[in-house]
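S.K.: Below: one structure in C-alpha cells.
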Amino acid sequence: MINMILIQVIGAVAFLALSLSYFKKEKRQILFMQIIAYIFFTIHYFLLSGVAGCICNLIGLLALLTIYFFDKYKLKNKVAVSTFFIAVLIIVNILTFQNAYSIFPLIASTIVIISFIKDNGNVIRIIGIISAICWLIYAIVYKSYISIIFEAITFLNVCIALTKNISHKEKEKING
C-alpha cells in the first residue's frame, strides 16, 4: 500500500511540473520544467511496470535535454537530432511492444519531440493537449490513478494557458 502511495506521489510531482511548464512564457522555461516532469514520469511508469510509458518518457527526457541545450547554445541540426530520437522511439517501442495501448505513449512522445523543433510556444501548448489525451488513455489502462486525475487537469490547464496566451497576444496587437 505504501509503495502504491509513493508511486502516485511521484506521478503527482511529475504532473505538477508539467502543468506549471505550460504557464511559462519562454520556450526555454517550458523545456526546463518539462525535463523535470519527464524525470519523474520515467520513475513513475517504471514503478507501475508500464514499459512503453517508461521508455517513452526516458527517450523523451533525453530528447528534451538535447533540444534544451541546442536552444541554449544556439546549436544547429535540431531537426536531425529530433528525427533520430523519433526513430529510436519507434524502434524501441516495436521491440518492447506490450499491447495496443502501447501506441499512445509513442504518439504523445513523438508529437512532443516534433513540437520542440518549432519556436512557437502555442504549438507546444496545442501538442500538450493532444499528449494529455494520449497519456490519459494509457494511465487508465495501467491504473495510474494520479495520472488519470492529473492528465484531466493538465488538459484543462493547457487549454487555459493557450487561451490566456492567445488573449494576451491579441491585447498586445490592439494596444501596440
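S.K.: By how many nm would the segment from residue 5 to residue 29 grow when fully extended, if each residue of separation counts as 0.36 nm and the alpha-carbon distance is taken off?
M.R.: Contour length minus the Cα-Cα distance gives 5.7 nm.
S.K.: If you keep only loop residues by DSSP, which chymotrypsin sites (Phe, Trp or Tyr not before Pro) in the range 36-78 have at most 10 other Cβ atoms within 10 Å of their Cβ?
M.R.: Taking the range 36-78 and a limit of 10 other Cβ atoms within 10 Å, the loop chymotrypsin sites (Phe, Trp or Tyr not before Pro) found are 73.
S.K.: Taking the dipole about the Cα centre of the range 2-175, with the C-beta of Lys and Arg at +1 and of Asp and Glu at -1, give me whichever of 57, 79, 13 is farthest to the positive side.
M.R.: 79
S.K.: Additional query: Quick one: order 81, 88 by neighbouring beta-carbon count within 10 Å, fewest to most.
M.R.: If I rank by nearby Cβ atoms, fewest first, I get 88, 81.
S.K.: What helices does the chain hold that run 27 Å or longer along their axis, going by alpha-carbon atoms, with a Kyte-Doolittle average of -0.5 or more, using DSSP H for the helix calls?
M.R.: Qualifying helices, which must be both long enough and hydrophobic enough, are 2-21, 27-47, 51-72, 121-141, 145-175.
S.K.: Multiply the residue gap between residue 152 and residue 118 by 0.36 nm, knock off their C-alpha separation, and tell me the result in nm, one decimal place.
M.R.: Here the segment from residue 152 to residue 118 would lengthen by 9.7 nm.
S.K.: Scaled to the compact-protein estimate 2.2 N^0.38 Å, what is the alpha-carbon radius of gyration of the chain, rounded to two decimal places?
M.R.: 1.02
S.K.: May I pose another question? For a quick check: sort 91, 113, 127 by the number of other beta carbons within 10 angstrom, fewest at the front.
M.R.: So the residues, fewest neighbours to most, are 91, 127, 113.
S.K.: Which value, in debye to the nearest 20, describes the size of the charge dipole of the range 2-175 about its Cα centre when Lys and Arg Cβ atoms bear +1, Asp and Glu Cβ atoms bear -1, and nothing else is charged?
M.R.: For this selection, approximately 560 debye.
S.K.: Of 102, 42, 168, whose Cα points farthest to the positive end of the dipole of the range 2-175 (charges on the beta-carbon: +1 Lys, Arg; -1 Asp, Glu; origin at the Cα centre)?
M.R.: Checked the options; the winner is 168.
S.K.: Sticking with the crude label model, points 7 Å out along Cα→Cβ, report the distance from residue 72 to residue 97 in nm, one decimal please.
M.R.: 3.8 nm
S.K.: Take the Cβ-Cβ distance between residue 169 and residue 90 as r, set R0 to 30 Å, and report the resulting FRET efficiency rounded to the nearest 0.05.
M.R.: 0.30
S.K.: Also, I was wondering about something else. Among 131, 167, which comes first, second and so on when ranked by fewest other beta-carbon atoms within 10 Å?
M.R.: Listed from fewest to most nearby Cβ atoms, that is 167, 131.
Each value in this text was obtained by applying a stated rule to the coordinates, not by laboratory testing. Given the structure is predicted, the values throughout are model-derived calculations rather than measurements. Positions of Cβ are generated from backbone atoms using ideal geometry, with glycine treated the same way; all protein chains shown enter the neighbour counts.
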